Amino acid sequence: MEKLYTINEVAARFGVSRPTVYDWMNRGLLPYVYVGLRRRVRESALHAFLRPGNEDTQAPKIIRSSKDPQGNSKPAMLVGT
């Protein structure tokens, strides 16, 4: 059986907020399934989302800058959405 990820797990993996993950889902960028009333993301969907140059998924590119000049973490940015 394929592993299913929660919204929190997906957000942590990409370093983004829960609303960002829901936005990706609602825009059709990140496929999901329902388990009861809860959304879950299949492991294969995560791999497809991460695969560079995959035109089928139209996944945004995630660009992270680890620290700003003051040493604070900078938020993730999406390109191509």
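The values are calculated or read from the model by the stated rules, or taken from the named source; none is laboratory data. This one's a predicted model, so the numbers in the text were calculated from it and none came from an experiment. Don't worry about glycine lacking a Cβ; one is built from the backbone with ideal geometry, like all the others, and counts go over all protein chains shown. With ligands, DNA and RNA removed, areas are computed over all heavy atoms of the protein, side chains included. Shrake-Rupley method; radii C 1.70, N 1.55, O 1.52, S 1.80 Å.
Side notes on the structure shown:
- Count Lys and Arg as plus one, Asp and Glu as minus one, and take only other residues whose Cβ is under 10 Å from that of TYR32; the net charge is then +4.
- Seen from LEU4, the other residues with C-beta closer than 14 Å to its C-beta sum to a net charge of +3, counting Lys and Arg as +1 and Asp and Glu as -1.
- Less than 5 angstrom separates the built amide H of LEU30 from those of MET25, all sequence-distant by 5 or more or on a different chain.
- Ordering MET1, MET25 by accessible surface, largest first, gives MET1, MET25; the 1.4 Å probe counts only protein heavy atoms, with every chain in place.
- Here the peptides 12-21, 28-37 are ranked by packing, the mean other Cβ count within 10 Å, and the order with the highest first is 12-21, 28-37.
- Separation of the HIS47 and ASN26 label points, Cα + 7 Å toward Cβ, nm: 3.0 nm
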